[in-house]
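Participant: Dropping a structure here in C-alpha cells format, bear with me for questions.
No value in this document is a laboratory result; all are computed from the given coordinates. Note that the structure is a prediction, hence the values are computed from the model and not measured. Here the Cβ positions follow ideal geometry from the backbone for every residue, glycine too, while neighbour counts run over all protein chains shown.
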Amino acid sequence: MIIDSHVHFEQDRLDEIVAFARVSEIDKLCISTLGTHSYIPAPTREEIIVCNNATLMAMESYPDVFVGFCYLNPNDGCEALREMDRCLERGMKGVKLWIASKASSREVAQIAEHAMEHGVPLLQHSSNKTTGNSEFGSNSSDVVILAERFPKLTIIMAHLGGNGYRGVADVEKHTNIFIDTSGGEPTVGITEHAVNTLGAERILFGSDVPGRSFDVQIGKIFGAGIKDSEKDLILCGNMKRILKL
Ligand SMILES: [Zn+2]
C-alpha cells in the first residue's frame, strides 16, 4: 500500500485526482483544501466551513481513498477548536495549517493542544525560503518551537524540498516532528540525507498535488539510494502508524 500524506484537491476534479493516483499506484490520499476555487491564506470562518465541507464530501465519494485533514485558521480561537471537533467527529484524521499564523504563535498553540488531546497529527506548512517567507508563513525554527511546547503532538512538517538541509538539521532532536517529502522537484541526495539524519521512521511520502504531480514526487522515494524497507516505511508504514489504520 502507498499513502500520500499531503494532497490538496479541487472539488470538480476529484475523479481525475483519484485516477492519477491510481496510475502511480497510490492507494490513500490525505486531503485538505485551502479554498475550493483558489487558495485562501487567511480564510474567514465561513470559508473554512466551505473548505472542510468539500473535504467531507470528497471523503464520502471515495471513502477508501480519501483521508480528510481539516483546514483551520488559528486566529479563529475557540471557533477553530469547534470546527476541528466537527470535522473529527465526521471522520477526519488530522489538521492542516497553512500561512494564517506562524507555528510558533500562541494561536497555533491552542490548535496544537487540542489536536494532541484528540491524538491526531498536525500537518504544518513550512519552508526556509531564501527570498523570505510570507508574513505569517512558518519556517523550520517556528515548527521546532511548536514541537518543544507539545512534545507529545505528532507534527508533520510539510516540504522536505522547501525546508532543505537546514530544516533537517533544525528538527533533528525533536522526534515528534516528521517531514513529508513534498516541495520542489526531486533533488539528488536530499531524501538520503533526511533518512540518514532522522531515520526513515520520520519521513513521509507527500506530493502536495495539485501543485506538483504524483509520479514525479514519488520518484523522490523510488529513486533514492535507501533500503527497500526504508522506502516501505516512507511510502506507507509511518503514515499507517500515525493515522492508526
Ligand atoms: Zn499543502
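Participant: Would you give the gap between the C-alpha center of the stretch 64-79 and the C-alpha center of the stretch 98-176, rounded to a whole Å?
Facilitator: When both Cα centres are located, 16 Å separates them.
Participant: Return the sequence-ordered ³J(HN,Hα) values of the stretch 172-183 in whole Hz as given by the Karplus equation 6.51 cos²θ - 1.76 cosθ + 1.60 applied to θ = phi - 60°, using x for Gly and Pro.
Facilitator: Each residue's phi maps through the Karplus curve to give 3, 7, 9, 6, 8, 9, 9, 10, 8, 7, 6, x Hz.
Participant: Pairs Lys102/Lys129; Lys28/Lys244; Lys93/Lys129: which exceed 24 Å Cα-Cα?
Facilitator: Values: Lys102/Lys129 15 Å; Lys28/Lys244 14 Å; Lys93/Lys129 29 Å.
Too far apart for the 24 Å limit: Lys93/Lys129.
Participant: Does the stretch 126-245 classify as rounded, prolate or oblate by the C-alpha gyration tensor (a ≥ b ≥ c root eigenvalues; a/c under 1.5 gives rounded; else a/b over b/c gives prolate, otherwise oblate)?
Facilitator: Oblate, since a/c reaches 1.5 and b/c is not below a/b.
Participant: Might you list the cysteines of the chain that have no disulfide-compatible partner by the rule of another cysteine's Cβ under 4.7 Å?
Facilitator: Lacking a cysteine Cβ partner under 4.7 Å: Cys30, Cys51, Cys78, Cys236.
Participant: Roughly how many debye, to the nearest 20, is the charge dipole of the stretch 101-167 about its Cα centre, given +1 on each Lys and Arg Cβ, -1 on each Asp and Glu Cβ, and no other charges? Before the final figure, lay out the partial values.
Facilitator: Values: 6 positive and 6 negative charges, 38 e Å.
Here the stretch 101-167 has a charge dipole of around 180 debye.
Participant: So which trypsin sites (Lys or Arg not before Pro) in the stretch 1-100 pass both tests, a DSSP loop state and at most 15 other Cβ atoms within 10 Å of the Cβ?
Facilitator: Answer by residue number: Arg90.
Participant: Continuing with this model, one more query. Going by average Cβ neighbours within 10 Å, how do the peptides 60-68, 175-183 rank, with the highest at the top?
Facilitator: 175-183, 60-68
Participant: Run the helix sum for the chain: -39,500 (n - 2.57) per DSSP H stretch of 4+ residues, divided by residue count, reported at 222 nm to the nearest 500 deg cm²/dmol.
Facilitator: About -12500 deg cm²/dmol.
Participant: Between His193 and Val23, take the C-beta separation as r, use R0 = 30 Å, and let me know the FRET efficiency to the nearest 0.05.
Facilitator: 0.55
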